[in-house]
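The values are calculated or read from the model by the stated rules, or taken from the named source; none is laboratory data. Computed from a prediction, not measured in an experiment: that's the story for all the values here. Cβ coordinates were reconstructed from backbone atoms using ideal geometry, including for glycine residues, and neighbour counts include every protein chain displayed. To get the accessible areas, we keep the full protein, side chains included, count just its heavy atoms, and leave off ligands, DNA and RNA. Shrake-Rupley method; radii C 1.70, N 1.55, O 1.52, S 1.80 Å.
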Amino acid sequence: MKHLLKLEDWSTEEITEALNLADQLKYEQKHGIEHKLLKGKTLGMIFEKSSTRTRVSFEVGMTQLGGYPLFLSSNDLQIGRGEPVEDTARVLSRFIDAIMIRTFKQEEVEALAEYGSIPIINGLTDYCHPCQVLADLMTIREFKGKLEGLKMCFIGDGNNMMNSLIVGALRTGMSISVACPEGYEPPKNIIEFGESFGDRFELCRKPIDAAKNADVVYTDVWASMGQEDEKKIREAAFEGYQVNDELMSVTNEGCMVLHCLPAHRGEEITAEVFEAHANEIFEEAENRLHAQKAVLVKCFE
Ligand code: CP
Ligand code: NVA
């Protein structure tokens, strides 16, 4: 059974196959070529956090593939009232064909896969965001024509986005330099993963050091979903960790800027840099649809 619980679980070959399929599905979608590859299949979508892109792209994607998306808010499910995820997994496995889940703990996603008998797709946890990174890699390939040999730079928090970008970039032959304030580094296992790729991985303190000669600059919010109470502390900690013109001046010519969105202008990115790269950022958002359709097809295979 194929799941997408975290990007570490997918080999370079599997990632590349998904990116190739995503390109093909995007082409077919743009040219009105039907691809009802999941006719009659039902995807349950559990959301324990808010979402615009993930919800809409999975819902539309499943419909375009001929399947049926079922939105399940944790406000309505018994899971929100304490029913164990292990039981939810075994019940839903008898009704539907796959589950996409957005939640806090990575362990919850892993438990769904362990106790259920259908494919599980991670639509974001505090630990990782694999679907977003597949769309990011697709976008970079689309604009730059390749991934191998390019340098990515990530400025910000060492949580879900940074973690999955480190894995995705290194697995596809890119190098990646990340910059975060003290105390906001990625977890030990991700640092060890990065270090196993030698000098293709770099953990910096100063954003400007990470941005040198970058081909792609990436950033994300200073306070993620669930961290709203820490907003003030985080604003102080992340001051200076901003994608602005000064940072962009040390990057390679034609450097792209990506953002998973939602963006906070004036915090992690200036309005000027955001608007100058809006074509890349919104293509990236669109590619969530195409990349996730590829993930769905691969997981149902
Ligand atoms: N980037 C992303 O996952 O967006 P949503 O939170 O809107 O789904
Ligand atoms: N780091 C952000 C990503 C949102 C797509 C969050 O977890 O809220």
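Observations on the model:
- Using the alpha carbons alone, the radius of gyration of region 27-136 stands to its Kirkwood radius in an Rg to Rh ratio of 0.98.
- Whole-Å distance, taken between Cα centres, linking region 113-156 and region 197-212: 20 Å
- Sites matching trypsin sites (Lys or Arg not before Pro) across region 33-118 that sit in DSSP coil, with at most 10 neighbouring C-beta atoms within 10 Å: LYS39
- Sorted from greatest to least, the principal axis extents spanned by the alpha carbons of the chain come out as 54, 44, 36 Å.
- Theoretical ellipticity at 222 nm over the chain - DSSP helices of four or more residues, -39500 (n - 2.57) apiece, nearest 500: -13500 deg cm²/dmol
- Annotation for region 181-289: trypsin sites (Lys or Arg not before Pro) lying in DSSP loop with at most 13 further Cβ atoms inside 10 Å of their Cβ are ARG205.
- Using equal-weight Cα scatterers in the Debye expression, the normalised intensity of region 1-79 in log10 at q = 0.19, 0.25, 0.27 Å⁻¹ is -1.04, -1.27, -1.27.
- Panel note: the C-alpha atoms of region 243-295, placed on their principal axes, show extents of 37, 24, 15 Å (largest first).
- Computed with a 1.4 Å probe on the full set of protein chains, the accessible area for LEU203 sits at about 70 Å².
- Under a model in which nothing but the beta-carbon of Lys, Arg (+1) and Asp, Glu (-1) is charged, the chain shows a dipole of about 880 debye around its Cα centre.
- Rg in Å to one decimal, and Dmax rounded to a whole Å, for region 155-250 via C-alpha atoms: 13.0, 38
- A Cβ-based charge dipole, computed about the Cα centre of region 154-301 with Lys and Arg at +1 and Asp and Glu at -1, lands at about 440 debye.
- Cα-based Kirkwood hydrodynamic radius, region 197-262, one decimal, Å: 13.4 Å
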